[in-house]
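S.K.: Input: one structure, supplied below.
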Amino acid sequence: MAQIFKPTKAQVKEWRQWVKELPPVARAVAERFNPWTLYRLKDTGLRATFYSVADDGTLTVIVSGDFNAVMFERRVFGIPADDLEECDLPIPGEPLGAVLSQEQAAENIEALRVMVRPDLWEMGEDGKATRKH
């Protein structure tokens, strides 16, 4: 499986110390993941890196253009640990990158919601996306 970087002994030691100090549920999950391994979200197929673990054992991951072709880079929270699996790095020549910068995504979030999930969102007359009932 893919390591996105080779951690130093000091980084591994710091990681283990940090994991040891977590609450029990979060610790059990963090022992399975680390920030130097690449993971795949099973439901979307997107590659992600570890960002954090919550007390309830769910993860926040980073979906970036470094390992995916995405509309915009983002952190995704509330990911169950079993929804991630280790994966390989992108193959040479695979399209990668983000179409929009973080700033552009923030400026256009209302339109993006409607464009990406028209089943959940609709554009109001005021230019704000509202959740469909």
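A short reminder: the numbers here are calculations on the coordinates, not readings from a lab. All of these numbers come straight from a predicted model, not from anything done at the bench. Glycine gets a Cβ as well: all are built from the backbone with ideal geometry, and neighbour counts include every protein chain shown.
S.K.: Along the charge dipole of the chain, which of V12, G93, F50 sits closest to the positive end, that is, farthest toward it, with unit charges on the beta carbon of Lys, Arg, Asp and Glu (+1, +1, -1, -1)?
M.R.: V12
S.K.: For the ranges 9-20, 35-46, what's the packing order if you count other beta-carbon atoms within 10 Å of each residue, average per peptide, and put the highest first?
M.R.: Values: 9-20: 11.8, 35-46: 15.7.
Put in order of decreasing packing, that is 35-46, 9-20.
S.K.: Would you work out the charge dipole size for the chain about its Cα centre, treating the Cβ of every Lys and Arg as +1 and the Cβ of every Asp and Glu as -1, and quote it to the nearest 20 debye? Each step should come with its number before you reach the end.
M.R.: On the way: 17 positive and 21 negative charges, 103 e Å.
Using Cβ point charges on Lys, Arg, Asp and Glu, the chain gives about 500 debye.
S.K.: Each label point is 7 Å from the Cα along the Cα-to-Cβ direction; what then is the distance between the points at L89 and A111, in nm?
M.R.: Taking the two extended label points, one gets 3.6 nm.
S.K.: What net charge is computed for the residues neighbouring K42, neighbours being all others with C-beta under 11 Å from the C-beta of K42, Lys and Arg scored +1, Asp and Glu -1? Can you show the working numbers first?
M.R.: Numbers: positive: R40; negative: D43, D82, D83, E85.
With Lys, Arg at +1 and Asp, Glu at -1, the net is -3.
S.K.: Once the Cα atoms of region 83-129 are picked out, what are the Rg and Dmax in Å?
M.R.: 15.6, 45
S.K.: When only alpha-carbon atoms count, how far does region 9-98 stretch along each of its three principal axes, as whole angstroms with the largest first?
M.R.: 40, 29, 19
S.K.: Still on this structure, I have one more. Can you list residues from other chains, or at least 5 along the same chain, whose modelled amide H is less than 5 Å from the amide H of R40?
M.R.: A48, E85, E86, C87
S.K.: So if we plug the beta-carbon distance of A54 and R74 into 1/(1 + (r/R0)^6) with R0 = 22 Å, what FRET efficiency do we get, rounded to 0.05?
M.R.: Rounded to the nearest 0.05, the efficiency is 0.85.
S.K.: Rounded, prolate or oblate: pick one for region 51-106, where a ≥ b ≥ c are the square roots of the eigenvalues of its C-alpha gyration tensor, a/c under 1.5 means rounded, and failing that, prolate if a/b is larger than b/c, else oblate.
M.R.: Details: a/c = 3.66, a/b = 1.35, b/c = 2.71.
It comes out oblate by the Cα gyration axes.
S.K.: What lysines could a cross-link reach from K20, if we take a straight Cα to Cα line under 25 Å and drop same-chain neighbours fewer than 8 places away?
M.R.: K6, K9
S.K.: With an 8 Å cut-off on Cα pairs and a minimum separation of 6 or more residues, tell me the relative contact order of the chain in percent.
M.R.: Values: 219 pairs, mean separation 24.3, N = 133.
Computed over the chain, the figure is 18 percent.
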